[in-house]
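Below is one structure; the comments refer to it alone.
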Amino acid sequence: MRLSQYFMPVLRDDPKEAEIASHRLMLRTGMVRQEAAGSYSWLPMGFRVLKKIEQIVREEQNRAGALEVLMPTLQSADLWRKSGRYDDYGKEMLRIKDRQDRDLLYGPTNEEMITDIFRSGIQSYKDMPRNLYHIQWKFRDEVRPRFGVMRGREFLMKDAYSFDVTREAGQHAYNKMFVSYLKTFARLGIKAVPMRADTGPIGGDDSHEFLVLADTGESGVFFDGALHDLDWSTIEIDYDNVEAVANMVSEYTSKYAATDEKHDQSEFEKRVPEGKRLSGRGIEVGHIFFFGDKYSKPLGCEVQGPDGKKITVQSGSYGIGVSRLVGGIIEASHDKDGIIWPESVAPFHVGLINLKVGDAEADAACEKIYKALEAKGVEVLYDDRNQPGGAKFAAMDLIGLPWQVIIGPRGLKDGIAEVKNRKTGARENVALDQIVGRFA
Ligand code: P5A
(Lines give C-alpha, C1' and ligand atoms only; values in the text may rest on other atoms or scores of the structure.)
Protein backbone atom coordinates (compact mmCIF):
# COMPACT_ATOMS: atom_id res chain seq x y z
CA MET A 1 0.00 0.00 0.00
CA ARG A 2 1.28 3.45 -0.93
CA LEU A 3 0.76 5.94 1.85
CA SER A 4 0.08 8.66 -0.74
CA GLN A 5 -3.02 6.71 -1.76
CA TYR A 6 -4.10 5.52 1.70
CA PHE A 7 -6.71 6.87 4.07
CA MET A 8 -4.98 7.39 7.38
CA PRO A 9 -6.10 10.67 8.91
CA VAL A 10 -3.24 11.13 11.41
CA LEU A 11 -3.80 13.84 14.03
CA ARG A 12 -0.89 16.11 14.85
CA ASP A 13 -1.96 16.73 18.43
CA ASP A 14 -3.28 14.51 21.17
CA PRO A 15 -7.09 14.43 21.20
CA LYS A 16 -8.38 15.96 24.42
CA GLU A 17 -11.08 13.39 25.06
CA ALA A 18 -8.62 10.49 25.22
CA GLU A 19 -7.70 9.58 28.79
CA ILE A 20 -5.61 6.49 28.09
CA ALA A 21 -2.79 5.63 25.68
CA SER A 22 -4.68 3.20 23.46
CA HIS A 23 -7.56 5.61 22.88
CA ARG A 24 -5.17 8.46 22.19
CA LEU A 25 -3.05 6.38 19.81
CA MET A 26 -6.01 4.91 17.96
CA LEU A 27 -7.40 8.39 17.32
CA ARG A 28 -4.02 9.89 16.48
CA THR A 29 -3.19 7.19 13.94
CA GLY A 30 -6.61 7.46 12.33
CA MET A 31 -7.53 3.86 13.12
CA VAL A 32 -11.02 4.76 14.28
CA ARG A 33 -13.36 7.71 14.41
CA GLN A 34 -15.97 8.25 17.07
CA GLU A 35 -19.51 8.44 15.68
CA ALA A 36 -21.46 8.63 18.95
CA ALA A 37 -20.71 7.84 22.59
CA GLY A 38 -19.14 4.35 22.56
CA SER A 39 -19.61 3.89 18.83
CA TYR A 40 -16.77 3.94 16.31
CA SER A 41 -16.14 3.71 12.59
CA TRP A 42 -13.15 1.53 11.80
CA LEU A 43 -10.93 3.24 9.24
CA PRO A 44 -8.58 1.25 6.97
CA MET A 45 -5.67 0.84 9.39
CA GLY A 46 -7.85 0.01 12.40
CA PHE A 47 -9.99 -2.31 10.31
CA ARG A 48 -6.95 -4.33 9.22
CA VAL A 49 -5.96 -4.91 12.85
CA LEU A 50 -9.52 -5.78 13.85
CA LYS A 51 -9.72 -8.36 11.06
CA LYS A 52 -6.37 -9.89 11.98
CA ILE A 53 -7.42 -10.33 15.58
CA GLU A 54 -10.76 -11.75 14.46
CA GLN A 55 -9.00 -14.27 12.20
CA ILE A 56 -6.69 -15.53 14.95
CA VAL A 57 -9.66 -15.88 17.31
CA ARG A 58 -11.53 -17.78 14.56
CA GLU A 59 -8.65 -20.16 13.82
CA GLU A 60 -8.25 -21.08 17.48
CA GLN A 61 -11.99 -21.58 17.96
CA ASN A 62 -12.05 -23.87 14.93
CA ARG A 63 -9.03 -25.76 16.18
CA ALA A 64 -10.81 -26.39 19.49
CA GLY A 65 -13.74 -27.90 17.56
CA ALA A 66 -16.17 -24.96 17.62
CA LEU A 67 -18.31 -24.34 14.51
CA GLU A 68 -18.81 -20.85 13.13
CA VAL A 69 -22.31 -19.48 12.50
CA LEU A 70 -23.69 -15.96 12.16
CA MET A 71 -26.76 -14.80 14.05
CA PRO A 72 -28.48 -11.44 13.44
CA THR A 73 -27.80 -8.38 15.57
CA LEU A 74 -31.54 -7.79 16.10
CA GLN A 75 -33.39 -10.34 18.19
CA SER A 76 -37.02 -10.87 19.05
CA ALA A 77 -37.88 -10.19 22.71
CA ASP A 78 -39.91 -13.44 22.97
CA LEU A 79 -37.03 -15.76 23.81
CA TRP A 80 -35.69 -13.30 26.34
CA ARG A 81 -39.03 -13.26 28.09
CA LYS A 82 -38.85 -17.04 28.35
CA SER A 83 -35.41 -17.00 29.95
CA GLY A 84 -36.47 -14.19 32.27
CA ARG A 85 -33.72 -11.88 31.12
CA TYR A 86 -35.85 -9.41 29.17
CA ASP A 87 -36.60 -7.53 32.36
CA ASP A 88 -33.44 -8.49 34.26
CA TYR A 89 -31.12 -6.96 31.70
CA GLY A 90 -32.39 -3.49 32.47
CA LYS A 91 -31.38 -0.31 30.72
CA GLU A 92 -28.22 -1.79 29.24
CA MET A 93 -30.35 -3.49 26.60
CA LEU A 94 -31.36 -1.42 23.60
CA ARG A 95 -35.03 -2.10 22.95
CA ILE A 96 -36.60 -1.42 19.58
CA LYS A 97 -40.09 -1.77 18.08
CA ASP A 98 -40.70 -2.75 14.48
CA ARG A 99 -43.58 -1.42 12.31
CA GLN A 100 -45.89 -4.15 13.63
CA ASP A 101 -45.18 -2.91 17.12
CA ARG A 102 -43.26 -6.10 17.95
CA ASP A 103 -40.54 -5.89 20.56
CA LEU A 104 -37.04 -6.33 19.26
CA LEU A 105 -33.69 -5.78 20.88
CA TYR A 106 -30.15 -5.26 19.65
CA GLY A 107 -28.36 -8.33 21.02
CA PRO A 108 -26.07 -7.71 23.99
CA THR A 109 -25.26 -11.47 23.89
CA ASN A 110 -26.84 -14.59 22.34
CA GLU A 111 -27.49 -17.33 24.93
CA GLU A 112 -31.24 -17.41 24.25
CA MET A 113 -31.06 -17.40 20.46
CA ILE A 114 -28.35 -20.03 20.16
CA THR A 115 -30.06 -22.31 22.68
CA ASP A 116 -33.21 -22.12 20.58
CA ILE A 117 -31.26 -22.78 17.38
CA PHE A 118 -29.60 -25.78 18.97
CA ARG A 119 -32.85 -27.10 20.49
CA SER A 120 -34.64 -27.03 17.17
CA GLY A 121 -31.71 -28.60 15.30
CA ILE A 122 -31.02 -31.75 17.31
CA GLN A 123 -32.92 -34.75 18.61
CA SER A 124 -30.63 -37.08 20.42
CA TYR A 125 -27.66 -37.25 22.76
CA LYS A 126 -25.81 -38.62 19.72
CA ASP A 127 -25.84 -35.08 18.26
CA MET A 128 -23.58 -33.88 21.05
CA PRO A 129 -21.19 -32.46 22.06
CA ARG A 130 -21.45 -29.31 19.93
CA ASN A 131 -20.00 -25.84 20.27
CA LEU A 132 -21.30 -23.04 18.04
CA TYR A 133 -19.84 -19.55 17.86
CA HIS A 134 -20.11 -16.34 15.94
CA ILE A 135 -18.22 -13.08 15.70
CA GLN A 136 -20.83 -10.36 15.66
CA TRP A 137 -21.48 -6.80 16.79
CA LYS A 138 -23.20 -6.36 20.14
CA PHE A 139 -24.86 -3.37 21.71
CA ARG A 140 -24.88 -2.60 25.42
CA ASP A 141 -26.08 0.79 26.51
CA GLU A 142 -23.26 1.14 29.05
CA VAL A 143 -23.78 3.80 31.72
CA ARG A 144 -20.30 5.09 31.09
CA PRO A 145 -18.81 4.22 27.73
CA ARG A 146 -15.18 5.25 27.91
CA PHE A 147 -11.60 4.62 26.91
CA GLY A 148 -12.49 4.40 23.23
CA VAL A 149 -13.09 0.86 21.99
CA MET A 150 -12.33 -0.58 25.44
CA ARG A 151 -15.78 0.09 26.83
CA GLY A 152 -17.93 0.78 23.82
CA ARG A 153 -21.65 0.59 23.41
CA GLU A 154 -21.39 -1.10 20.02
CA PHE A 155 -18.54 -3.61 20.08
CA LEU A 156 -17.38 -6.78 18.35
CA MET A 157 -17.49 -9.98 20.37
CA LYS A 158 -16.69 -13.59 19.66
CA ASP A 159 -19.23 -15.61 21.56
CA ALA A 160 -19.25 -19.41 21.65
CA TYR A 161 -21.85 -21.70 23.23
CA SER A 162 -21.31 -25.33 24.21
CA PHE A 163 -23.95 -28.07 24.52
CA ASP A 164 -23.28 -31.36 26.29
CA VAL A 165 -25.10 -34.37 27.65
CA THR A 166 -23.46 -34.65 31.07
CA ARG A 167 -21.91 -32.28 33.55
CA GLU A 168 -18.49 -33.92 33.05
CA ALA A 169 -18.72 -33.48 29.30
CA GLY A 170 -19.79 -29.86 29.85
CA GLN A 171 -16.76 -29.36 32.07
CA HIS A 172 -14.50 -30.69 29.31
CA ALA A 173 -16.12 -28.26 26.84
CA TYR A 174 -15.40 -25.43 29.32
CA ASN A 175 -11.82 -26.61 29.76
CA LYS A 176 -11.26 -26.78 26.02
CA MET A 177 -12.37 -23.18 25.61
CA PHE A 178 -10.15 -22.20 28.55
CA VAL A 179 -7.10 -23.70 26.85
CA SER A 180 -8.06 -22.28 23.46
CA TYR A 181 -8.12 -18.83 25.10
CA LEU A 182 -4.57 -19.32 26.40
CA LYS A 183 -3.51 -20.20 22.85
CA THR A 184 -5.46 -17.34 21.27
CA PHE A 185 -4.01 -14.67 23.54
CA ALA A 186 -0.50 -16.09 23.13
CA ARG A 187 -0.84 -15.76 19.35
CA LEU A 188 -2.06 -12.19 19.79
CA GLY A 189 1.20 -11.42 21.58
CA ILE A 190 -0.34 -10.74 24.99
CA LYS A 191 -0.43 -12.42 28.36
CA ALA A 192 -4.02 -12.68 29.59
CA VAL A 193 -4.19 -14.19 33.06
CA PRO A 194 -7.28 -16.29 33.91
CA MET A 195 -8.93 -15.24 37.16
CA ARG A 196 -11.94 -16.58 38.97
CA ALA A 197 -14.76 -14.14 38.28
CA ASP A 198 -18.24 -12.95 39.12
CA THR A 199 -20.89 -14.06 36.66
CA GLY A 200 -22.96 -10.83 36.61
CA PRO A 201 -26.04 -10.72 34.35
CA ILE A 202 -24.86 -13.74 32.34
CA GLY A 203 -25.08 -16.03 35.39
CA GLY A 204 -23.92 -19.62 35.92
CA ASP A 205 -21.87 -21.73 38.34
CA ASP A 206 -18.30 -21.37 37.22
CA SER A 207 -16.56 -18.52 35.48
CA HIS A 208 -13.14 -17.17 34.60
CA GLU A 209 -12.13 -13.82 33.24
CA PHE A 210 -8.93 -13.39 31.21
CA LEU A 211 -7.14 -10.17 32.06
CA VAL A 212 -4.27 -8.33 30.43
CA LEU A 213 -2.26 -6.58 33.11
CA ALA A 214 -2.18 -2.84 32.45
CA ASP A 215 -2.24 0.22 34.71
CA THR A 216 -5.24 1.59 32.85
CA GLY A 217 -7.37 -1.54 33.30
CA GLU A 218 -10.84 -1.18 34.78
CA SER A 219 -10.51 -4.11 37.21
CA GLY A 220 -8.29 -4.31 40.26
CA VAL A 221 -6.35 -7.59 40.32
CA PHE A 222 -4.44 -9.55 42.96
CA PHE A 223 -2.16 -12.39 41.94
CA ASP A 224 0.74 -14.63 42.74
CA GLY A 225 3.98 -13.39 41.15
CA ALA A 226 4.76 -17.03 40.30
CA LEU A 227 2.25 -16.67 37.45
CA HIS A 228 4.95 -14.76 35.61
CA ASP A 229 7.06 -17.94 35.59
CA LEU A 230 4.52 -19.97 33.61
CA ASP A 231 5.09 -20.33 29.89
CA TRP A 232 2.40 -18.21 28.22
CA SER A 233 3.75 -18.34 24.69
CA THR A 234 3.88 -21.97 23.59
CA ILE A 235 0.80 -23.92 24.53
CA GLU A 236 0.42 -27.33 22.90
CA ILE A 237 -2.56 -29.53 23.55
CA ASP A 238 -4.55 -32.46 22.19
CA TYR A 239 -8.14 -31.28 22.70
CA ASP A 240 -9.47 -34.86 22.74
CA ASN A 241 -7.31 -35.76 25.70
CA VAL A 242 -9.72 -34.94 28.54
CA GLU A 243 -7.14 -35.39 31.26
CA ALA A 244 -4.42 -33.34 29.57
CA VAL A 245 -6.86 -30.47 28.98
CA ALA A 246 -8.04 -30.59 32.61
CA ASN A 247 -4.44 -30.65 33.83
CA MET A 248 -3.59 -27.60 31.82
CA VAL A 249 -6.56 -25.73 33.29
CA SER A 250 -5.40 -26.75 36.78
CA GLU A 251 -1.88 -25.57 36.06
CA TYR A 252 -3.05 -22.11 35.02
CA THR A 253 -5.59 -21.77 37.83
CA SER A 254 -3.64 -23.26 40.75
CA LYS A 255 -1.87 -19.99 41.59
CA TYR A 256 -3.87 -17.27 43.31
CA ALA A 257 -5.33 -14.76 40.85
CA ALA A 258 -8.54 -12.82 41.46
CA THR A 259 -10.25 -9.62 40.40
CA ASP A 260 -11.28 -7.22 43.17
CA GLU A 261 -14.85 -8.58 43.08
CA LYS A 262 -13.63 -12.05 44.08
CA HIS A 263 -10.51 -11.12 46.03
CA ASP A 264 -10.14 -12.61 49.52
CA GLN A 265 -7.24 -10.98 51.36
CA SER A 266 -6.82 -13.70 53.98
CA GLU A 267 -6.74 -16.45 51.38
CA PHE A 268 -4.27 -14.37 49.36
CA GLU A 269 -1.98 -14.11 52.38
CA LYS A 270 -2.35 -17.78 53.20
CA ARG A 271 -1.58 -19.02 49.69
CA VAL A 272 1.02 -16.57 48.44
CA PRO A 273 4.38 -15.87 50.12
CA GLU A 274 4.77 -12.19 51.02
CA GLY A 275 7.36 -11.28 48.40
CA LYS A 276 5.22 -12.78 45.65
CA ARG A 277 1.97 -10.93 46.43
CA LEU A 278 1.28 -8.64 43.51
CA SER A 279 -1.61 -6.35 42.81
CA GLY A 280 -2.43 -4.02 39.98
CA ARG A 281 -5.00 -3.46 37.31
CA GLY A 282 -6.21 -5.51 34.38
CA ILE A 283 -8.26 -5.31 31.19
CA GLU A 284 -10.83 -8.07 30.78
CA VAL A 285 -10.41 -9.42 27.24
CA GLY A 286 -12.26 -12.70 27.68
CA HIS A 287 -14.86 -14.22 29.95
CA ILE A 288 -16.11 -17.82 30.08
CA PHE A 289 -19.11 -19.26 31.91
CA PHE A 290 -20.40 -22.73 32.79
CA PHE A 291 -24.18 -22.75 33.18
CA GLY A 292 -25.35 -26.29 33.78
CA ASP A 293 -29.03 -26.01 32.80
CA LYS A 294 -29.60 -22.30 33.55
CA TYR A 295 -30.63 -21.51 29.96
CA SER A 296 -31.48 -24.95 28.63
CA LYS A 297 -34.16 -25.57 31.28
CA PRO A 298 -36.37 -22.49 30.77
CA LEU A 299 -35.89 -22.72 27.01
CA GLY A 300 -36.83 -26.42 26.95
CA CYS A 301 -33.54 -27.54 25.47
CA GLU A 302 -33.83 -31.30 26.02
CA VAL A 303 -32.64 -34.33 24.11
CA GLN A 304 -33.39 -38.00 24.08
CA GLY A 305 -30.84 -39.79 26.30
CA PRO A 306 -29.38 -43.29 25.75
CA ASP A 307 -32.17 -44.85 27.86
CA GLY A 308 -34.90 -43.00 25.97
CA LYS A 309 -35.47 -40.52 28.82
CA LYS A 310 -35.23 -36.79 28.25
CA ILE A 311 -32.05 -35.06 29.38
CA THR A 312 -31.72 -31.32 29.91
CA VAL A 313 -28.65 -30.11 28.06
CA GLN A 314 -25.60 -28.70 29.89
CA SER A 315 -24.31 -25.49 28.44
CA GLY A 316 -21.67 -22.81 28.73
CA SER A 317 -20.81 -19.57 26.97
CA TYR A 318 -17.45 -18.10 26.08
CA GLY A 319 -16.75 -14.50 25.11
CA ILE A 320 -13.78 -12.63 23.69
CA GLY A 321 -13.87 -8.86 23.27
CA VAL A 322 -12.48 -8.64 19.72
CA SER A 323 -12.75 -4.86 19.34
CA ARG A 324 -11.65 -4.31 22.96
CA LEU A 325 -8.53 -6.34 22.19
CA VAL A 326 -7.34 -3.73 19.70
CA GLY A 327 -7.12 -1.24 22.57
CA GLY A 328 -5.93 -3.89 25.03
CA ILE A 329 -3.00 -4.88 22.85
CA ILE A 330 -1.96 -1.24 22.46
CA GLU A 331 -2.17 -0.71 26.24
CA ALA A 332 0.18 -3.67 26.68
CA SER A 333 2.50 -2.67 23.85
CA HIS A 334 3.40 0.97 23.24
CA ASP A 335 6.06 3.51 24.20
CA LYS A 336 6.37 7.31 24.21
CA ASP A 337 6.67 7.38 20.41
CA GLY A 338 3.61 5.31 19.62
CA ILE A 339 2.24 1.82 19.10
CA ILE A 340 4.43 -1.29 18.96
CA TRP A 341 2.36 -3.92 17.15
CA PRO A 342 3.00 -7.60 17.84
CA GLU A 343 3.83 -9.14 14.45
CA SER A 344 0.70 -11.32 14.39
CA VAL A 345 -1.74 -8.40 14.37
CA ALA A 346 0.29 -5.56 12.83
CA PRO A 347 -1.66 -3.79 10.08
CA PHE A 348 1.45 -4.10 7.86
CA HIS A 349 4.65 -6.01 8.48
CA VAL A 350 7.07 -3.47 7.01
CA GLY A 351 7.05 0.31 6.65
CA LEU A 352 9.18 1.45 3.72
CA ILE A 353 10.44 5.02 4.02
CA ASN A 354 11.68 6.93 1.00
CA LEU A 355 13.76 9.80 2.36
CA LYS A 356 14.00 11.65 -0.93
CA VAL A 357 10.86 11.40 -2.99
CA GLY A 358 11.56 12.88 -6.42
CA ASP A 359 15.16 11.72 -6.47
CA ALA A 360 15.34 9.28 -9.39
CA GLU A 361 17.65 6.84 -7.67
CA ALA A 362 15.77 6.79 -4.35
CA ASP A 363 12.42 6.43 -6.12
CA ALA A 364 13.70 3.56 -8.28
CA ALA A 365 15.25 1.68 -5.34
CA CYS A 366 12.07 2.03 -3.26
CA GLU A 367 9.79 1.04 -6.13
CA LYS A 368 11.84 -2.06 -6.76
CA ILE A 369 11.79 -3.17 -3.12
CA TYR A 370 8.12 -2.23 -2.69
CA LYS A 371 7.03 -4.28 -5.70
CA ALA A 372 9.25 -7.24 -4.80
CA LEU A 373 7.90 -7.33 -1.22
CA GLU A 374 4.31 -7.12 -2.45
CA ALA A 375 4.97 -9.88 -4.98
CA LYS A 376 6.20 -12.10 -2.15
CA GLY A 377 3.06 -11.40 -0.14
CA VAL A 378 4.80 -9.26 2.50
CA GLU A 379 2.42 -6.56 3.72
CA VAL A 380 4.22 -3.29 3.21
CA LEU A 381 3.21 0.31 3.74
CA TYR A 382 5.31 2.52 1.47
CA ASP A 383 5.71 6.12 2.65
CA ASP A 384 6.04 7.73 -0.77
CA ARG A 385 4.79 11.14 0.38
CA ASN A 386 6.84 14.23 -0.28
CA GLN A 387 7.58 15.11 3.33
CA PRO A 388 10.67 15.72 5.44
CA GLY A 389 12.44 12.67 6.86
CA GLY A 390 11.77 13.65 10.48
CA ALA A 391 8.01 13.68 9.96
CA LYS A 392 8.16 10.32 8.23
CA PHE A 393 10.18 8.74 11.05
CA ALA A 394 7.76 10.08 13.64
CA ALA A 395 4.72 8.85 11.71
CA MET A 396 6.21 5.40 11.21
CA ASP A 397 7.08 5.09 14.91
CA LEU A 398 3.60 6.31 15.82
CA ILE A 399 1.79 3.67 13.75
CA GLY A 400 4.14 1.04 15.11
CA LEU A 401 4.76 -1.45 12.28
CA PRO A 402 7.25 -4.11 13.44
CA TRP A 403 9.91 -3.24 10.83
CA GLN A 404 11.05 -0.11 9.03
CA VAL A 405 13.18 -0.05 5.88
CA ILE A 406 14.72 3.38 5.38
CA ILE A 407 16.12 4.33 1.99
CA GLY A 408 17.92 7.59 1.24
CA PRO A 409 20.61 8.98 -1.05
CA ARG A 410 23.38 8.55 1.51
CA GLY A 411 22.90 4.80 1.94
CA LEU A 412 22.19 4.30 -1.73
CA LYS A 413 25.73 5.46 -2.57
CA ASP A 414 26.96 2.34 -0.75
CA GLY A 415 24.09 0.13 -1.96
CA ILE A 416 22.50 -0.17 1.47
CA ALA A 417 19.26 0.54 3.32
CA GLU A 418 18.71 0.84 7.03
CA VAL A 419 16.44 -1.70 8.71
CA LYS A 420 14.97 -0.72 12.06
CA ASN A 421 13.15 -2.90 14.53
CA ARG A 422 10.36 -0.84 16.09
CA LYS A 423 10.27 -2.80 19.32
CA THR A 424 13.96 -2.87 20.20
CA GLY A 425 14.98 0.22 18.26
CA ALA A 426 17.91 -1.79 16.84
CA ARG A 427 19.17 -0.53 13.48
CA GLU A 428 21.14 -2.43 10.91
CA ASN A 429 22.57 -1.65 7.48
CA VAL A 430 21.44 -4.21 4.93
CA ALA A 431 22.50 -4.50 1.29
CA LEU A 432 19.65 -3.48 -1.02
CA ASP A 433 19.58 -6.86 -2.73
CA GLN A 434 19.18 -8.61 0.63
CA ILE A 435 16.18 -6.63 1.87
CA VAL A 436 13.42 -8.66 0.27
CA GLY A 437 14.96 -11.92 1.46
CA ARG A 438 14.91 -10.60 5.03
CA PHE A 439 11.13 -10.43 5.10
CA ALA A 440 9.87 -12.87 2.47
C1 P5A B 1 -19.95 -14.87 27.07
C2 P5A B 1 -20.21 -14.95 25.61
C3 P5A B 1 -20.76 -12.59 27.77
O4 P5A B 1 -21.43 -11.77 27.20
N5 P5A B 1 -22.15 -14.27 26.73
C6 P5A B 1 -21.66 -14.70 25.44
C7 P5A B 1 -21.07 -14.09 27.66
N8 P5A B 1 -19.72 -12.29 28.56
S9 P5A B 1 -19.20 -10.80 28.86
O10 P5A B 1 -18.17 -10.93 29.84
O11 P5A B 1 -20.27 -9.96 29.22
O12 P5A B 1 -18.58 -10.25 27.55
C13 P5A B 1 -17.56 -10.98 26.87
C14 P5A B 1 -16.39 -10.09 26.53
O15 P5A B 1 -16.83 -9.01 25.70
C16 P5A B 1 -16.06 -7.86 25.96
N17 P5A B 1 -16.95 -6.73 26.32
C18 P5A B 1 -16.82 -5.49 25.82
N19 P5A B 1 -15.97 -4.97 24.91
C20 P5A B 1 -16.09 -3.66 24.60
N21 P5A B 1 -17.04 -2.86 25.12
C22 P5A B 1 -17.94 -3.34 26.02
N23 P5A B 1 -18.88 -2.54 26.52
C24 P5A B 1 -17.85 -4.72 26.40
N25 P5A B 1 -18.55 -5.53 27.25
C26 P5A B 1 -17.99 -6.74 27.17
C27 P5A B 1 -15.14 -8.19 27.11
O28 P5A B 1 -13.85 -8.52 26.60
C29 P5A B 1 -15.78 -9.40 27.73
O30 P5A B 1 -14.83 -10.26 28.34
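Okay, which of region 336-355 sit inside 11 Å, backbone N to the point 7 Å along the Cα-Cβ direction of residue 6?
Of the residues in region 336-355, 347-353 have backbone N under 11 Å from the label point off residue 6.
For region 109-191, what does the relative contact order come out to in percent, with C-alpha contacts under 8 Å and a separation of six or more?
Taking the mean separation of contacting Cα pairs over the length of region 109-191, I get 27 percent.
Quick one: pull the percent of accessible area on region 124-281 belonging to carbon and sulfur, 1.4 Å probe, ligands and nucleic acids left out.
Carbon and sulfur together cover 45 percent of it.
Applying a 10 Å radius around every beta-carbon, put 381-389, 410-418 in order of their mean neighbour count, most first.
Averaged packing, sorted descending, gives the order 381-389, 410-418.
By how many degrees, between 0 and 90 and to the nearest 10, does the Cα long axis of helix 322-332 differ from the longest principal axis of the chain?
In the chain, helix 322-332 runs at an angle near 50 degrees to the longest axis.
Towards the positive end of the charge dipole of region 185-341, with charges on Cβ (+1 Lys, Arg; -1 Asp, Glu), say which of 230, 275, 300 has the farthest Cα.
Working it through, the farthest residue towards the positive pole turns out to be 300.
Suppose every K and R has +1 on its Cβ and every D and E has -1 on its Cβ; what is the size of the dipole of the chain about the Cα centre, in Debye to the nearest 20?
It comes to approximately 860 debye.
Please give the length that would be gained between residue 199 and residue 387 if that part of the chain were fully extended, namely 0.36 nm times their separation in residues minus their C-alpha to C-alpha distance (nm, one decimal).
Gain on extension, residue 199 to residue 387, equals 62.4 nm.
Tell me the accessible surface of residue 117 in square angstrom (1.4 angstrom probe, heavy atoms of protein chains only), to the nearest ten.
Rounded to the nearest 10, that gives 80 Å².
May I ask you to give the solvent-accessible area per residue for the chain, in square angstrom, as obtained with a 1.4 angstrom probe?
45 Å²
Mind computing the radius of gyration and Dmax over the alpha-carbon atoms of region 198-281? Å is fine for both.
Calculated on Cα positions, Rg and Dmax stand at 14.3, 39 Å.
Region 190-252 to region 144-188: how many Å between their Cα centroids?
11 Å
What is the percent carbon and sulfur in the accessible area of region 303-377, measuring with a 1.4 Å probe over the protein chains and ignoring ligands?
Looking at region 303-377 in its full context, I get 50 percent from C and S.
If packing is taken as the mean number of other Cβ atoms within 10 Å per residue, what is the order of 256-263, 196-203, highest first?
256-263, 196-203
Could you report the accessible area of residue 174 in Å², rounded to 10, computed with a 1.4 Å probe on the protein chains as they sit in the structure?
Spelled out: residue 174, probe radius 1.4 Å, area about 0 Å².
Can you give the Rg and Dmax of the chain based on its C-alpha atoms, in angstrom?
For the chain, the Cα-based Rg and Dmax read 24.5, 83 Å.
For region 64-158, with equal point scatterers placed on the C-alpha atoms only and solvent neglected, what are the log10 I(q)/I(0) values from the Debye formula at q = 0.10, 0.13, 0.18 1/Å, to two decimals?
-0.32, -0.53, -0.92
What net charge is computed for the residues neighbouring residue 244, neighbours being all others with C-beta under 12 Å from the C-beta of residue 244, Lys and Arg scored +1, Asp and Glu -1?
-4
According to a simple spin-label model (label point 7 Å from Cα along Cα-to-Cβ), what is the distance in nm between residue 302 and residue 368?
7.6 nm
Past 29 Å, Cα to Cα, is the threshold; run 91/262; 376/420; 191/297 against it and keep the listed order.
Among 91/262; 376/420; 191/297, the Cα-Cα distance tops 29 Å for 191/297.
Sequence gap at least 6, Cα distance under 8 Å: using those rules, report the relative contact order of the chain to the nearest whole percent.
Relative contact order for the chain comes out at 17 percent.
May I ask what percent, to the nearest 5, of DSSP beta bridges between residues of the chain are antiparallel?
If I count the DSSP bridges inside the chain, around 85 percent turn out antiparallel.
Could you list the residues of region 422-438 with an amide nitrogen less than 18 Å from a label point located 7 Å from the Cα of residue 375 in the Cα-to-C-beta direction?
Taking a point 7 Å out along Cα→Cβ of residue 375, the residues of region 422-438 whose backbone N falls under 18 Å are 432-438.
How do 144-154, 427-437 rank on mean C-beta neighbours within 10 Å, highest first?
Descending mean neighbour count gives 144-154, 427-437.
Of 257, 355, 26, which is farthest on the positive side of the dipole of the chain, counting Cα position, with +1 on Lys and Arg Cβ, -1 on Asp and Glu Cβ, and the Cα centre as origin?
Selected residue: 355.
With all pairs of different alpha carbon atoms counted, what Kirkwood hydrodynamic radius in Å does region 11-113 show?
The Cα-based Kirkwood calculation yields 16.9 Å.
Students sometimes get this wrong: rank 378, 357 by accessible area, probe 1.4 Å, all chains present, largest first.
In descending accessible area the options line up as 357, 378.
Can you show me the helix-derived [θ] at 222 nm for the chain, built from DSSP H runs with n ≥ 4 at -39,500 (n - 2.57) apiece and divided by the number of residues, rounded to the nearest 500.
Value at 222 nm, helices only, nearest 500: -9500 deg cm²/dmol.
The values are calculated or read from the model by the stated rules, or taken from the named source; none is laboratory data. Since the structure is predicted, the reported quantities are computational estimates derived from the model, not experimental observations. A quick note on method: Cβ atoms are made from the backbone with ideal geometry, for glycine too, and the neighbour counts reach across all protein chains shown. All accessible areas refer to the heavy atoms of the entire protein, side chains included, with ligands and DNA or RNA removed. Shrake-Rupley method; radii C 1.70, N 1.55, O 1.52, S 1.80 Å.
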